[in-house]
Amino acid sequence: TVSYACNAGKTIQATLYDGPTMTPAVAGQPPIPGGTATVVLSDGRTMTLHQTVSADGVRYANDDESFVFWTKGNGALVLENNQEKSYIGCVAIAPEPVGVDLSKVYANSSDGFSLRLPSTGYKIDEAYQYAYGPGKNISGVKFTIPPALAQGTNLSPDTYISVEELPNTQNCTAGLFLNQGGLSVQTINDAGTTYSVASTTGAGAGNRYEETVYAIPGTNPCFAVRYFVHYGVIQNYPVGTVTEFDKNALLTQFDQIRRTMVISQ
């Protein structure tokens, strides 16, 4: 069973069933797949569709082909009378992790990804651009932490996690997202996804800036998740005025969000 988020807040839940592949009687014709899909639409419709022959992705349709549900990668296309009408830009949604509050779903059909966030607090900026260097910005979506995470601590409320993209990139690595020489770039596997990872640190006027980028090799456009953590040096605050923020807890939450990201390509 796969859930999809589509434009205008619409959703699809599709349960896919395998079936026997049947060889047609006419020689030279492609074999007929025997799978089915039960599709539940957020407008209340439920229908069972039969798998059909497809050269790309997995295609299901009703008997008169007036409704087609077509999965390609982690995206889905819905055609009604051969047109996209009500369900557009559908992207698969990761299941909510057990024991973790990531009940809010964010889906972006134009950028082609979805992820999960805690139920309240994160501020979403779809006009975000990372200033890589003079005249060069990296576009993406920024999710700024809830103010409550920083309140009373040395953590700055402009701390965020972002999803960013670089178009027309053949070799997707973390180094493309950080403008600093001598980077140590590592390849890691986390929860079944391979990442190219690099980190930088900066300082100024009693502030610390830590960035870690998790790029996903093989994606084009090149997708990456950035952690931007800004905090003040705790020794610079009057004693007893703030507490030191829990960096491990913050990074754990960022990790949990990152692991729910689904790219439609």
Inset, instruction - Sort out for me the Cα centre separation of segment 183-257 from segment 151-166, rounded to whole Å. - result: 9
Legend entry - Whole-number accessible area per residue in Å² for segment 81-152, which is evaluated in the context of all protein chains at 1.4 Å: 53
Inset, instruction - Would you mind getting the Kirkwood hydrodynamic radius of segment 157-265 from its Cα pairs, rounded to one decimal in Å? - result: 15.2
Inset, instruction - Could you list the square roots of 5 times each eigenvalue of the Cα gyration tensor of segment 32-136, that is, the equivalent ellipsoid semi-axes, sorted largest first and rounded to whole Å? - result: 33, 19, 13
Legend entry - Value of [θ]222 nm, deg cm²/dmol, for the chain, DSSP H segments ≥ 4, -39500 (n - 2.57) each, nearest 500: -2000 deg cm²/dmol
Inset, instruction - Can you quote the Å³ per residue value for the convex hull of the Cα atoms in segment 102-142, rounded to an integer? - result: 73
Legend entry - C-alpha long axis of helix 247-259 to longest principal axis of the chain, angle in °: 20
Legend entry - Under 29 Å, Cα to Cα: Lys pairs in the chain, sequence gap 8 or more or different chains: 16
Inset, instruction - Over the chain, with every protein chain in place, what whole percent of the accessible area is carbon and sulfur at 1.4 Å, could you tell me? - result: 49
Legend entry - ³J(HN,Hα), Karplus 6.51/-1.76/1.60, whole Hz, each residue of segment 155-166, x for Gly, Pro: 7, 7, x, 8, 5, 8, 10, 9, 10, 10, 9, 10
Legend entry - Percentage relative contact order, the chain, counting C-alpha pairs under 8 Å, at least six apart: 14
Legend entry - (i) 0.93; (ii) 1.07; (iii) 1.02, with the label sought being that of the calculated Rg/Rh (Cα atoms, Kirkwood Rh): (ii)
Inset, instruction - Calculate I(q)/I(0) for segment 216-265 by the Debye formula, one identical point scatterer on each C-alpha and no solvent, and give its log10 at q = 0.16, 0.18, 0.19, 0.26 Å⁻¹ to two decimals. - result: -0.64, -0.72, -0.76, -1.05
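The values are calculated or read from the model by the stated rules, or taken from the named source; none is laboratory data. All values derive from a computational prediction rather than experimental measurement. SASA here: full protein model, heavy atoms, side chains in, ligands and nucleic acids out. Shrake-Rupley method; radii C 1.70, N 1.55, O 1.52, S 1.80 Å.
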